[in-house]
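Enquirer: Supplied in structure tokens, the structure appears directly below.
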Amino acid sequence: MSDIPIKLDFFRKLELFQQLIVLNRRSKNGNDYVKKNWRMEKKILRWASKNSHILSIPFDMDHIYFEFYQEEYDDTKTRLLRKFVNENKLDSYDITEEHEQIIEKQTKNYFEEKYGEFKYIFGNLVHRGFAEYSSKKFNNYEIFITQTGLLMGNVIDDYEGSIFWLKYPLFIIIVWIFVISVIIITISQAISVFLFDLR
């Protein structure tokens with residue numbers, strides 16, 4: 001998966017775990033817009049970490065529609081098409097390519113309203129270092145997930161979608177116990193050397 005040695009990979013995941021906790025806390029305290037966007041960002045990262053064999057293809061909005069919400073997307077499009085036909089008093093055979101483009105746009109607008117604005121979600125992923133734009137344009141709707149993004153997807157999957165969610169917090173506690181123990185031992189040895197020198 002990566003060129004990083006396994007031990008360093010784990011420590012990088014610990015760092016990302018702490019970042020995940022901070023981002024989850026910000027999302028929890030944020031408004032609905034922030035919550036929707038962070039939920040979708042996590043969903044994209046989890047999907048990418050599980051499907052990393054196709055990362056040479058840019059991730060775009062169609063991936064969101066068809067990987068995560070295919071059935072809902074199709075149902076919504078059908079519902080909007082029926083509504084359009086009824087409102088415009090058309091027969092189903094009167095639907096032109098232009099009408100279909102209007103319905104497609106309405107369906108995508110519905111999804112952005114419901115699940116977050118994808119250009120901002122992609123922008124957040126790029127800003128956090130989890131993705132890169134496929135070209136230099138800001139309004140680009142295509143991204144590549146980075147190695148850091150794959151690792152964060154693994155951390156999210158481990159922490160929120162696995163029975164092993166305790167491994168990161170437990171390891172952090174063990175590390176802190178070790179650090180505090182080393183400090184206490186060092187201080188006690190320094191005090192004993194100091195007291196020995198006073199005699």
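Any read-out appearing in this document is the output of simple, stated calculations on the displayed coordinates, not a laboratory observation. Please read these numbers as outputs of a predicted model, since none were measured by experiment. Here the Cβ positions follow ideal geometry from the backbone for every residue, glycine too, while neighbour counts run over all protein chains shown.
Enquirer: Any idea how far apart Val34 and Glu117 come out in nm if each label point goes 7 Å out from Cα toward Cβ?
Expert: My value for the distance between the label points is 1.7 nm.
Enquirer: A follow-up question, please. Roughly speaking, what is the stretch gain from Asp75 to Val193, that is 0.36 nm per residue apart minus the C-alpha to C-alpha distance, in nm to one decimal? Intermediate values should be presented prior to the final figure.
Expert: Numbers: separation 118, 0.36 × 118 = 42.48 nm, distance 7.65 nm.
Residue separation times 0.36 nm, minus the Cα-Cα distance, leaves 34.8 nm.
Enquirer: What list do you get for Ile121, Ile102, Ile177 if you sort them by fewest beta carbons within 10 Å?
Expert: Numbers: Ile121 24, Ile102 15, Ile177 10.
The order, fewest Cβ neighbours first, is Ile177, Ile102, Ile121.
Enquirer: Okay, moving on. Per DSSP H run of at least 4 residues, take -39500 (n - 2.57); add these up for the chain, divide by its residues and hand me the 222 nm value, nearest 500 deg cm²/dmol. Let's see the in-between values first.
Expert: Working: 7 runs with 136 residues, N = 199.
Estimated from H runs of four or more residues: -23500 deg cm²/dmol.
Enquirer: Taking 22 Å as R0, compute the FRET efficiency from the Cβ-Cβ separation of Phe66 and His99 and round it to 0.05. Walk me through the intermediate numbers first.
Expert: Details: r = 22 Å, r/R0 = 0.98.
For Phe66 and His99, the calculated efficiency is 0.50.
Enquirer: Based on other C-beta atoms within 10 Å, arrange Glu113, Glu97 from fewest to most. Could you put the intermediate results ahead of the total?
Expert: Details: Glu113 10, Glu97 7.
Exposure proxy ranking, most exposed first: Glu97, Glu113.
Enquirer: Would you order Thr107, Thr186 from fewest to most other beta-carbon atoms within 10 Å of each residue's own beta-carbon?
Expert: Details: Thr107 20, Thr186 10.
Least to most surrounded, the residues fall as Thr186, Thr107.
Enquirer: List every DSSP H helix in the chain whose Cα atoms extend 15 Å or more along the helix's own long axis and whose mean Kyte-Doolittle hydropathy is at least -0.5. Can you show the working numbers first?
Expert: Working: long enough: 6-29 (34 Å, -0.27); 32-50 (27 Å, -1.41); 70-87 (25 Å, -1.63); 97-115 (27 Å, -1.99); 147-160 (19 Å, -0.15); 167-198 (46 Å, 2.14).
Qualifying helices, which must be both long enough and hydrophobic enough, are 6-29, 147-160, 167-198.
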